[in-house]
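Read the figures in this text as sums done on the coordinates, not as results from a lab. As the structure is a computational prediction, the values presented were derived from the model and not from experiment. When we count neighbours, we look across all protein chains shown, and the Cβ atoms used for this are built from the backbone with ideal geometry, even at glycine.
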Amino acid sequence: NAGVMQNPRHLVRRRGQEARLRCSPMKGHSHVYWYRQLPEEGLKFMVYLQKENIIDESGMPKERFSAEFPKEGPSILRIQQVVRGDSAAYFCASSPGPKNTGELFFGEGSRLTVL
Amino acid sequence: GESVGLHLPTLSVQEGDNSIINCAYSNSASDYFIWYKQESGKGPQFIIDIRSNMDKRQGQRVTVLLNKTVKHLSLQIAATQPGDSAVYFCAEDSNYQLIWGAGTKLIIKP
């Protein structure tokens, strides 16, 4: 009965490289959310996806960031040409249905460090 | 804009005492609130939630109080234990987005 699985847990990239963060939702969950957390701060919504659909990406920067949740496989958050300001913890959460009917289940996060 | 904020960034309590963590929100139209616990290096963990048609909700050792008049939430933890050490966030449900406060760090003194 695995929870939300994220990998890698830690990722180090140099400026200009690409970062790919993966999230496998809980079994039976078809809704995935990505959040970003800076140190000493709360989480900030980035994007909400269902299988093969982006429902809301209003929290995601227009450039360099993209997210997908394919029919098969994990959800991917991709950051191109990373900059130091991208250093943060990125959390994925999943739910069986639209979130506002209950709590989200969060993964342990992927911590990106940009050198 | 909409915001959810916490009054105290750090709270120190004696083991065995009760803890009270406060939260203010600004959107009077919000109807669903959630408290999360985040231990160091881990993801947020759901503690308890409350809808705006309620003033109080109790769980195991935790109680959430909602005062809609002053747009204030509190989380009460009874008989605080060392395992309660964490950062506590209140979050406001805005459709399918959660709007998070900055967090309160709870420190347990032995």
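Which of rounded, prolate or oblate describes chain B when judged by the alpha-carbon gyration tensor and an a/c cut-off of 1.5? Since a/c reaches 1.5 and a/b is larger than b/c, the shape of chain B is classed as prolate. Projecting the Cα atoms of B:LEU66, A:ILE54, B:ILE47 onto the charge dipole of the protein assembly as shown, computed from C-beta unit charges around the Cα centre, puts A:ILE54 farthest toward the positive end.
Using the Cα centre of the protein assembly as shown as the reference point, and only Cβ charges (+1 on K/R, -1 on D/E), how large is the resulting charge dipole? Debye, rounded to the nearest 20. Intermediate values should be presented prior to the final figure.
Numbers: 27 positive and 22 negative charges, 114 e Å.
The calculation lands at about 540 debye.
Among A:LYS44/B:LYS71; B:LYS37/B:LYS71; A:LYS27/A:LYS62; A:LYS27/B:LYS71, which pairs are too far apart, with a Cα-Cα distance over 25 Å? Numbers along the way, then the final one.
Numbers: A:LYS44/B:LYS71 21 Å; B:LYS37/B:LYS71 21 Å; A:LYS27/A:LYS62 30 Å; A:LYS27/B:LYS71 36 Å.
Long pairs (Cα-Cα over 25 Å): A:LYS27/A:LYS62; A:LYS27/B:LYS71.
Only aspartates and glutamates eight or more places from B:LYS42 in sequence, or on another chain, were considered; those with a Cα closer than 20 Å are A:GLU40, A:GLU41, A:ASP86, A:GLU103, A:GLU108, B:ASP84. Residue by residue, segment B:13-30 carries 3J(HN,Hα) couplings of 9, 6, 4, x, 7, 8, 10, 10, 10, 10, 8, 10, 10, 10, 8, 5, 7, 5 Hz when phi is fed to the Karplus relation 6.51 cos²θ - 1.76 cosθ + 1.60 (θ = phi - 60°); x denotes Gly or Pro.
Place +1 on the Cβ of every Lys and Arg and -1 on the Cβ of every Asp and Glu in chain A, take the dipole about the Cα centre, and give the residue among A:ILE76, A:LEU43, A:PRO98 whose Cα lies farthest towards its positive end. Toward the positive end, the furthest listed residue is A:ILE76. Taking A:LYS51 as the anchor, which aspartates and glutamates have their alpha carbon closer than 16 Å to its alpha carbon, excluding any fewer than eight residues away along the same chain? The qualifying aspartates and glutamates are A:GLU68, A:GLU72. Only the Cβ atoms of Lys and Arg (+1) and of Asp and Glu (-1) were treated as charged; on that basis the dipole of segment A:60-115 about its Cα centre amounts to roughly 180 debye.
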